[in-house]
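Contents: one structure, followed by commentary.
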Amino acid sequence: MWYVSTRGIAPRVNFEGALFSGYAPDGGLFMPEELPQLDRETLCQWSTLSYPDLVKELCALFIGSELIPKDDLNGTSGDTGSAAIESVQGAKNVDIIVLLPKGHCTKIQELQMTTVLKENVHVFGAVEGNSDELDEPIKTVFADVAFVKKHNLMSLNSINWSRVLVQTAHHFFAYFQCTPSLDTHPLPLVEVVVPTGAAGNLAAGYIAQKIGLPIRLVVAVNRNDIIHRTVQQGDFSLSKAVKSTLASAMDIQVPYNMERVFWLLSGSDSQVTRALMEQFERTQSVNLPKELHSKLSEVVTSESVSDEAITQTMGRCWDENQYLLCPHSAVAVNYHYQQMDRQQPSSTPRCCLAPASAAKFPEAVLAAGLTPETPAEIVALEHKETRCTPMQRGDNWTLMLQDTIEDLSRRWRGHALNASQ
């Protein structure tokens, strides 16, 4: 399995090359050169698997046993920062740097990252900066190919293909949960409602659809509605500012994974994709070509949800099901309630993806007039020591990142020298 950049200039790489990278050297995102096609028999076999086993089977298609044997493919995704920290904290051969948008995520989410005091964990907190702004120094650092190679850098958010790959499994698992039988011809259709910010889970859903999963996609966003406007009008342009919402992880104006979606929709046309994305980076505004917008509209429908709708949905779900939704999950479930209230019955099962636990978002739970349920291990975070390097608005964030990486590399070289003497 080979991987190519959506912008078509960087040389192709194998899975290892895509994994140990961020952006491709030409500024694009890595994608499989060819997508495998799954038949009915494979889907029927996968339908009986546990979630971990399903992830292994799916990942094996895109990796190759010569790189990672199937039995070694264990682990899942979660909140990018805290899940990544959890996976490598204390490891001897890896340092992790996390850029945290302070004030743009909940206190609990911050504590999950800043209370990890292991020597190889380095958390930077941008006092004034949102997720989009923190992506800029990351992109600048990864644009320096020599620097990336020198320091063996990789990214762990959905810039990285491996993150999107694992998210693809969510769609398969959800599909199998929603279909009582796979004996029908054609296979039954399931509508999947995807709450998203950077569009990683949307790209994952579209890839799942392309390789043979019979799903219909709905993308649900909060008031940061660039994806909604793109689907509805072909208007891929920034608003004046990021809006703060209760679904804070989706407060994103630059959904970089739409580049993967555009590339797939255009038939893997890297010239079209590169022209679109370079114009977007230059002017922050693109009107999709009519043909591309038409294809996007055929593949996905969309909805934008207000904070008021989020809290109403959380309250309604609790009243009707005694289930406490997180605000991001509520963005998706709101679409479901809208369809029900419009009395638009459908024989197609509908699944709403739920990306997080409500325990991390007590502020949103209280805003919905509900009582937060906080596990003991989360309560304990408030009494732990924290460590976080501040990033002020006037600082050169790219330089801070580069200097930290250089310092860590010098430390590594010193360890290696001492070990060899």
For this session: Report yes if Val55 is at pLDDT 90 or above, in contact with a helix residue (DSSP H, G or I) (Cβ under 8 Å, 6 or more places away or on another chain) and part of a helix (DSSP H, G or I), otherwise no.
Result: yes
Exercise. Open to solvent by less than 60 Å² (accessible area, probe 1.4 Å) and charged (D, E, K, R) - does that describe any residue in segment 70-91?
Worked result: yes
Seminar exercise, completed: Exception for Ala10 within (1) crowded, with 19+ Cβ neighbours inside 10 Å; (2) of a type outside the set (Val, Ile, Thr); (3) touching a residue at least 24 places away in the same chain (Cβ under 8 Å) falls at (3)
Exercise. Picking from Thr115, Thr106, which residue would you name as being modelled with pLDDT of 85 or more, of a type in the set (Ser, Thr, Tyr) and more than 30 Å from Pro25 (Cα to Cα)?
Worked result: Thr115
Problem set entry | Residue tally, condition more than 22 Å from Val116 (Cβ to Cβ), open to solvent by less than 50 Å² (accessible area, probe 1.4 Å) and outside any helix (DSSP H, G or I), over segment 370-410 | 2
Exercise. Name the pairs: first residue in segment 81-97 and within 25 Å of Gly414 (Cβ to Cβ), second residue among the charged types (D, E, K, R) and not in a loop (DSSP other than H, G, I, E, B), Cβ to Cβ under 9 Å, at least 6 apart or on different chains?
Worked result: Asp95/Arg411
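Name the single residue that is modelled with the lowest pLDDT among those in segment 180-207 being farther than 25 Å from Thr245 by Cβ and touching a Leu at 6+ places or on another chain (Cβ under 8 Å).
First, the residues of segment 180-207 that are farther than 25 Å from Thr245 by Cβ: 180-190, 207.
Remaining after also requiring touching a Leu at 6+ places or on another chain (Cβ under 8 Å): 182, 187-188, 207.
Numbers: Leu182: 90, Leu187: 93, Pro188: 94, Ile207: 98.
Filtering first and then ranking leaves Leu182.
The values are calculated or read from the model by the stated rules, or taken from the named source; none is laboratory data. Everything numeric here is computed off the predicted structure, so don't read it as measured data. A quick note on method: Cβ atoms are made from the backbone with ideal geometry, for glycine too, and the neighbour counts reach across all protein chains shown. Ligands, DNA and RNA are excluded from the accessible area calculation, which covers all protein heavy atoms including side chains. Shrake-Rupley method; radii C 1.70, N 1.55, O 1.52, S 1.80 Å.
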